[in-house]
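Mind looking over this structure? Questions follow.
Derivation of every value follows stated rules applied to the coordinates shown; laboratory data play no part. On a predicted model such as this, the values are computed, not experimentally measured, just so you know. Using ideal geometry, Cβ is built from the backbone for each residue, glycine included, and neighbour counts are taken over all protein chains shown.
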Amino acid sequence: MDPKGPVIGLLGGGQLGRMLCEAAAPLNVSIAILDTEDAPAKQINQNSRHVNGSFKDPAKVKQLAAQCDILTVEIEHIDTTVLEDIERNRVAVPTADDSRATKTVAIHPSWQTLRLIQNKYDQKERLREWNIPVAEQTAIPSGDAMLTSMKKISDRFDFPWMLKARRDAYDGRGNLKISSSADLKQAATDFASISCYAERWVPFELELAVVVIRTQDRRGNALRVVPYPVVETIHEDSICSKVFMPPRHVSTATCERAQQLACDVVKHLAGQGVFAVEMFLTSSGDLLVNEIAPRVHNSGHMTIETVPYMSQFKAHITSILDRAIPEKLEPSVASSIMINILGGAESDSHLRLINKAKSMYDKDMEIYLHLYGKKSKPSRKIGHITITSSVGIERLVQLVQPIVDVADEIRR
Ligand code: ATP
Ligand code: MG
Ligand code: MG
């Protein structure tokens, strides 16, 4: 395909990239992807501009940049040095006469934002400077001092507390709950080569997430942040398993506070597009920010069906292309539940869940199946099911229970 419109270069071609491609197609926007040849996003989006390789390889990132107008990401674990280089020094483009042509390539979100968010400890320090409420954290030295430091932290935080890797964490990989002094020695061994920190345990009532669109005109003025409806996220074994909209048993006032808090966070982050803010709601009604994702997010998958005129995927593309976004994002349904399809013990364990979703019918709900074209592995996200309804969330929970039961059985 030889596109006439702008070309978006996408770093990473997993399921988030795949859903970005699904949203881009009807807009006639081309997406060139840097990832392995069989990546989920490439499977549904064929064009001659894709680059095969790793989004951590600076040469490949430059190769992708040379053939697009805007770079964006579906994953935050990118080499930001090369992004900084592309922004500061422009990027060389191949020419027929071998002359040294260069061009500018916009990068959204900014490499500064990606660099900050990649380090979860630095991210939280910055949130605190911005007066955003977060759980108390403290650095842990590496080497011989590690175990002594962890003993002191245990006295200060009491048990349990959370040991977290600063970098490369996702789906709870890199997190370890420290429940008693018996855990310390093994934890110090397991995390010996990892730069890590300690976080005070948050005895939260539930977890909320808000996806926010951020746009700004080219002169850096007229910043706008527009939140999606707040959702409740359920994490089991540190991996998101379900999402509920609206959150169950949470007042409208608290939902509005969560949206405001997410907007306060996202205002500080350079770059356009979609960001997600994960937070804890405590029994006393306090909201603490857990972390930011500088990209489309698992908690926003249901927006494909709940906000069909502007899903988070369409919003990301619309925003980075400087096109108009709505002033408000209201759901077109009363309630929705998203269930992640996670790989089970056997390579085909998840088929029962897919078949269950396909076989269910009720006049009060619509069921949408999304599969990502990924091989199954235990706990791997290989698809999701979104259910929407015009009835309230309590009734929808009852209607959906047979599907949830199968999802829970596969995970066990
Ligand atoms: P993601 O896939 O969202 O990027 P991650 O690997 O970066 O996840 P976190 O978001 O830090 O991990 O934590 C994963 C989950 O672990 C949280 O959603 C929450 O359920 C639990 N958790 C994390 N930190 C704490 C804490 N301080 N106290 C209690 N539970 C926590
Ligand atoms: Mg994370
Ligand atoms: Mg998280």
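Could you pull out every residue, at least 5 positions away or on a different chain, whose amide H is within less than 5 Å of the one on residue 344? Hs are placed 1.01 Å off N in the peptide plane, and Pro or chain starts have none.
Those lying under 5 Å, H to H, from residue 344 are 349, 350, 379.
Right, something else. Could you give the dipole magnitude of segment 188-299 about its Cα centre, charging the beta-carbon of Lys and Arg +1 and that of Asp and Glu -1, in debye to the nearest 20?
660
Now a separate question. Only Cα pairs within less than 10 Å get springs; with that Gaussian network setup on the chain, which residue of 303, 104, 386 has the largest fluctuation?
104
Then there's this: With point charges of +1 on the Cβ of Lys and Arg and -1 on the Cβ of Asp and Glu, referenced to the Cα centre of the chain, which listed residue (353, 169, 182) lies farthest in the positive direction of the dipole?
Result: 169.
Give or take rounding to whole Å, what are the principal axis extents of the alpha carbon atoms in the chain, in descending order?
Computed over the chain, the largest-to-smallest principal extents equal 67, 61, 46 Å.
Between segment 329-381 and segment 130-158, how far is it from one alpha carbon centroid to the other, in angstrom?
39
Something else now. Mean shadow of segment 259-412, computed from the convex hull of its alpha carbons, in nm²?
Its average projected convex-hull area is 10.9 nm².
I need the chymotrypsin sites (Phe, Trp or Tyr not before Pro) found in segment 357-403, filtered to DSSP loop residues with at most 16 other beta carbons within 10 Å of theirs.
361
Given the options 291, 278, 330, which has the most mean-square fluctuation in a GNM of the chain, springs set between C-alpha atoms less than 10 angstrom apart?
Result: 330 has the largest fluctuation of those listed.
Would you work out which of 379, 233, 14 lies farthest towards the positive end of the dipole of the chain? Charges go on Cβ: Lys and Arg +1, Asp and Glu -1.
Among 379, 233, 14, the one farthest towards the positive end of the dipole of the chain is 14.
Run the dipole for the chain about the Cα centre, Lys and Arg Cβ at +1, Asp and Glu Cβ at -1, nothing else charged, and hand back the magnitude in debye, nearest 20.
So the dipole magnitude of the chain works out to roughly 540 debye.
For segment 258-412, with the dipole built from +1 on Lys and Arg beta-carbon atoms and -1 on Asp and Glu ones, taken about the Cα centre, which of 301, 290, 334 lies farthest toward the positive end?
With unit charges placed on the Cβ atoms, the residue in question is 301.
Additional query: Which parts of segment 173-189 would a label at residue 151 reach, counting a residue when its backbone N lies under 15 Å from a point 7 Å out along Cα-to-Cβ?
It comes to 181-189, nothing else.
Residue by residue through segment 230-242, which ³J(HN,Hα) values in whole Hz follow from phi under the Karplus form 6.51 cos²θ - 1.76 cosθ + 1.60 (θ = phi - 60°), with glycine and proline marked x?
Listing the rounded values in order: 5, 10, 9, 10, 10, 10, 10, 6, 6, 10, 5, 10, 8 Hz.
Comparing 363, 381, 151, which has the greatest mean-square fluctuation in the GNM of the chain with Cα pairs linked when under 10 Å apart?
Comparing 363, 381, 151 in the GNM, the peak value goes to 363.
If you don't mind, another one. Roughly how many whole Å is it from the C-alpha centroid of segment 168-206 to that of segment 278-313?
24
Still on this structure: Rg and Dmax in Å for segment 80-168, alpha carbons only: what are they?
20.6, 68
Something else now. Which whole-percent values make up P(r) of segment 308-385 when all C-alpha to C-alpha distances are grouped in 5 Å steps starting at zero?
With a bin width of 5 Å, the distribution comes to 3, 12, 19, 17, 13, 16, 11, 7, 2, 0.
Using the Cβ atoms and a cut-off under 10 Å, what net charge is assigned to the surroundings of residue 295, where Lys and Arg are +1 and Asp and Glu are -1?
Counting the neighbours of residue 295, the net charge comes to -2.
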